Amino acid sequence: MTSITKCIERVRKRIADAARRAGREVDEIQLIAVSKTRNLDDIRFAVASDIMDFGENYLQEARGKISEIGLDGLKWHFIGTLQKNKTQQVANLFDWVHSVDRIEIAKRLSMHRDMQLPPLNICLQINIDNESTKSGFKIEQLSKTVEQVIELPQLVLRGLMAIPASKTAEVDQRRAFAKLRHTQAAINNGLDSSDKLDTLSMGMSQDLEAAILEGATIVRVGSDIFGPRLKDATN
Ligand SMILES: *Cc1c(COP(=O)(O)O)cnc(C)c1O
């Protein structure tokens, strides 16, 4: 067994344990393997362990991998900072974009998404701790943004994504995730049932338990699957 296989088993067990603590079903939580900086062999090992969802931060790197490995049954999630001039390619290569941080990006993704493809799934990235080093919407801007994004024809607004400031203790980690959960609930209060957000994309290697306890439906895990990254790139 490769170490990637073992690491995936370990991460799945952590997810199952956290789900049990939270009184949730384990299949409510989807694992995305964050494969930025990893090579094709690493991705193939993960596929052999039934990982079907991969997260990538850089268009150029992802484009090479997607064309080599193909789209066959796999889903690709764009989770990195997105520049305007990359929206056309990202809109058509990926199944999800978790990191929409400006209305302009949402409009361009919708405009460029091929009409032959199903609408692109997106999350709005929230700067949950108001950090100057991180991008994302402020909570106060959200209700207006949500109204605008829901109108865009080639997108489906699935939910919210955040990368909280790093904390060690679980109680502290949970605070930011709880805030995201409350924000989603407040938004859903004002939406028709067909528009309600069903996704909270939160939790990484260091804090996936806290995220699951606060309602994460997607966790994005890199280092605890593939090992430490050499070239660091948390975003
Ligand atoms: C790199 C990255 C991850 C994975 O982080 P790990 O700590 O390696 O699990 C998750 N989400 C985003 C947005 C990232 O950039």
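Descriptive notes on the structure:
- Neighbourhood net charge (15 Å Cβ-Cβ; Lys/Arg +1, Asp/Glu -1) for G190: -3
- Placing a label point 7 Å from the Cα of I103 along the Cα-to-Cβ line, the residues of segment 131-152 whose backbone N sits under 14 Å from it are 137-138, 140-152.
- For segment 101-235, lysine pairs separated by 8 or more sequence positions, or belonging to different chains, with Cα-Cα distances below 27 Å total 18.
- If you model the chain as an ellipsoid using its alpha carbon gyration tensor, with each semi-axis the square root of five times an eigenvalue, the axes come out at 25, 23, 16 Å, biggest first.
- Residues with amide H under 5 Å from that of D53, placed H, sequence gap 5 or more: A33, K75
- Inter-label distance, D27 to R10: 2.8 nm, where each label sits 7 Å from its Cα along the C-beta direction.
- Residues in segment 40-64 reached by a label modelled at L230 [backbone nitrogen below 15 Å; 7 Å Cα→Cβ]: 40-42
Taken together, the values in this text are just the output of simple stated rules run on the coordinates, not laboratory data. Everything numeric in this text was worked out from a predicted model, so none of it was measured. No Cβ is skipped: glycine too gets one built from the backbone with ideal geometry, and neighbour counts run over all protein chains shown.
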